[in-house]
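Visitor: Can you keep this structure in mind? I'll have questions shortly.
The values are calculated or read from the model by the stated rules, or taken from the named source; none is laboratory data. In this text, all values refer to a predicted model and were calculated from it rather than measured experimentally. Don't worry about glycine lacking a Cβ; one is built from the backbone with ideal geometry, like all the others, and counts go over all protein chains shown.
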Amino acid sequence: MSDTRTVTGVLRTRSGQPFANKTMTWSPAPRRAVAREGVGFVDERFFSVTGADGAVNVDVVPGQYLVMVSLADADRYIQVTIPEGEGTFNIADGMYQEVPATPSEPWETTRILLRSFLSTTSGAANPHSQGAMPAPPTVVTGAGGPAAPAAPYDMLTKSYRYAAGTLANVARFDGGGGKPYFTDYRRFPVATRAATGGNANDGEDAVSWRAGFVVDAAALAFRVVGSSVFNYRMIVDGRYVSVTPTSMTTGGRQYIVLDFGTKAVRVVQIEGSQAAALDGIHIAPADTVTRLEEAPFGALMFGDSFTGATGVPAGRDGDGLAVVAGDHLGLPLWASGVGGSGYVATAGGTVFALPQRIGTDIQRYVDEKGAPPQLVIVAMGINDIGSGGIAPAAATCFDIIRNRCPAALVFVLGPWDRAAPLAPDAGYAEVKASIITALTGRTGFFFIDSQGIDFTKSDATHPDAAGHQALGVWLNGRIRSLVAQT
């Protein structure tokens, strides 16, 4: 038997139109990320070209592939399975086999597409699994001038700035909506905590945000607000430059320069914690920066202080369990966490309960991304222990989610179990039962039981950095398992 099979037939869209004269990029599924000269690549890709009528003729080793076809408006990704056997194989027989003809509800289509995505995206190589860069760029901070950083980086005069309205042309924003700070800077609120207050002001909290770019340069500079309590981390090709945040003791305009020494194309993200704010990116005149492509799926997680990353070291809110879970899933996850809150809990009237803020926080996501999230995660209840009225309050939240996010898969966790591995706190079972009652009869909602899930702690209740990492990895596993079920 030959090691390859000749794949023939016509490559068509789901509506039957041929992909004529198109390059097909074949990647084995699941794909394997490797590092070459400090840059991450997906290995073992190969290419073929369709004919004028969409005809395919290529020799392929049997297996599963994710095939990308670039069109004028966007890239298309097609799941293709080439089975073992003799003779030619019609590509149409290996396409979309996991997709039912007519899903009965919008969330079922999302589940099918997400199942395909996760089958080819292990999430194993991400900022929280790989550690910091072994050979990071040189990082230099300073106030600089109004047009560029100080020498020797004063040649970084080509800028894209929030103040000038050009930053959004080259940046993909994740983790929060856009909000001006002193006119020139953008903050990233994600949670409506109360009518007033909040680290982003006006009753809004930011937790962890990222702005992503594709940069062809030897050096670049981020223009940010300086403060000893505004913390930033940089991610290059999927790895943190350093897990230790960068902050500046001087306020006002500050630059964070990344000097790589050699020019190359890199995916660069800046990550900020809480109220940290971004104005823009600077490069040399001959260099280029483009917008990091949007991820195929996005997620929004509602929760309390656990989701808000309480317990991680200062300035490392990106190490909270929500962002960790998103990184392992291979998609951006917004962490809408408000400490002390619950389905009914308000921390003595100082914060909103979830029914009061959930609609606003979903709309913030829609305003930024142009569509609702495809995944919604709700992790509440620990602060509701001992209270009544939880089931109707939770039902209200679930009604709002389905109304605002008709195609979303919704994963609802029971209360975090701070007593594990011992028996849970008194009243825990009642809250868990109330949440399950509110889920009764709902389609596209999946319950995840948190009881008995132990984690290391920073105090009597909250996870420490290792605990957040463990919970994020656990949540990733539970979501993958539920999505994979048929």
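Visitor: With closer than 30 Å to Thr249 by Cβ and at pLDDT 95 or above as the only criterion, which of Val378, Val351, Val412, Val338 stands out?
Guide: Criteria check complete, one pass: Val338.
Visitor: Restricting region 326-366 to residues that are among the small types (Gly, Ala, Ser) and more than 22 Å from the chain's Cα centre (by Cα), which is surrounded by the most Cβ atoms within 10 Å (Cβ to Cβ)?
Guide: Filtering first and then ranking leaves Ser341.
Visitor: Could you list, in sequence order, all residues of region 383-392 that are part of a helix (DSSP H, G or I) and surrounded by fewer than 24 Cβ atoms within 10 Å (Cβ to Cβ)?
Guide: Ala391, Pro392
Visitor: Tell me yes or no: at least one residue of region 118-131 is modelled with pLDDT under 90, assigned to a helix (DSSP H, G or I) and touching a strand residue (DSSP E or B) at 6+ places or on another chain (Cβ under 9 Å).
Guide: Checking region 118-131: at least one residue is modelled with pLDDT under 90, assigned to a helix (DSSP H, G or I) and touching a strand residue (DSSP E or B) at 6+ places or on another chain (Cβ under 9 Å).
Visitor: Moving on. Being buried (at least 24 other Cβ atoms within 10 Å of the Cβ), over 21 Å from Pro313 (Cβ atoms) and out of contact with any His (no Cβ under 7 Å at 6 or more places or on another chain) is true for just one of Leu292, Leu300, Leu220, Leu258. Which residue is that?
Guide: Leu300
Visitor: Starting from residues that are of a type outside the set (D, E, K, R) and not in a strand (DSSP E or B), keep the ones in region 367-381 and report whichever is surrounded by the most Cβ atoms within 10 Å (Cβ to Cβ).
Guide: Restricting to residues being of a type outside the set (D, E, K, R) and not in a strand (DSSP E or B), the top hit is Met380.
Visitor: What do you reckon, is Ala309 at positive phi and surrounded by 22 or more Cβ atoms within 10 Å (Cβ to Cβ)?
Guide: Considered against the rule, which asks whether it is at positive phi and surrounded by 22 or more Cβ atoms within 10 Å (Cβ to Cβ), Ala309 comes out as yes.
Visitor: Evaluate the following for Gly318: is it part of a helix (DSSP H, G or I) and closer than 25 Å to Arg253 by Cα?
Guide: In short, yes.
Visitor: What do you reckon, is Pro424 more than 24 Å from Glu105 (Cβ to Cβ) and in contact (Cβ under 8 Å) with a residue 60 or more places away in the chain?
Guide: Criteria not met by Pro424.
Visitor: Within region 317-360, can you find the residues that are touching a Gly at 6+ places or on another chain (Cβ under 8 Å), of a type in the set (Val, Ile, Thr) and closer than 15 Å to Ile377 by Cα?
Guide: Of everything in region 317-360, those that are touching a Gly at 6+ places or on another chain (Cβ under 8 Å), of a type in the set (Val, Ile, Thr) and closer than 15 Å to Ile377 by Cα turn out to be Val323, Val324, Val338.
Visitor: Oh, and also: Of all residues in region 406-458, count the ones that are assigned to a loop (DSSP other than H, G, I, E, B), buried (at least 18 other Cβ atoms within 10 Å of the Cβ) and touching a strand residue (DSSP E or B) at 6+ places or on another chain (Cβ under 9 Å).
Guide: 8
Visitor: Taking only region 196-208 into account, find how many residues are crowded, with 24+ Cβ neighbours inside 10 Å and either basic (Lys, Arg) or over 24 Å from Ile281 (Cβ atoms) (or both).
Guide: Qualifying residue count for the region: 2.
Visitor: To continue, here is another question. Quick one: which of Val236, Val267, Val243 is out of contact with any Leu (no Cβ under 9 Å at 6 or more places or on another chain) and of a type outside the set (Ser, Thr, Tyr)?
Guide: Val243
Visitor: So, one more: Is there any pair linking a residue in region 246-258 that is farther than 24 Å from Ala132 by Cα to one that is part of a strand (DSSP E or B) and among the aliphatic types (A, V, I, L, M), with Cβ under 9 Å and at least six apart or on different chains, and which?
Guide: Within 9 Å, the pairs are Gly251/Val225; Gly252/Val225; Arg253/Val224; Arg253/Val225.
Visitor: I would also like to ask the following. Of the conditions (1) surrounded by fewer than 23 Cβ atoms within 10 Å (Cβ to Cβ); (2) modelled with pLDDT of 95 or more, Arg193 clears all except one; give me its number.
Guide: Looking at each condition in turn, Arg193 falls short on (1).
Visitor: Sticking with this one: Do we have any residue at all in region 163-177 that's of a type outside the set (Lys, Arg), under 27 Å from Val351 (Cβ atoms) and surrounded by fewer than 24 Cβ atoms within 10 Å (Cβ to Cβ)?
Guide: yes
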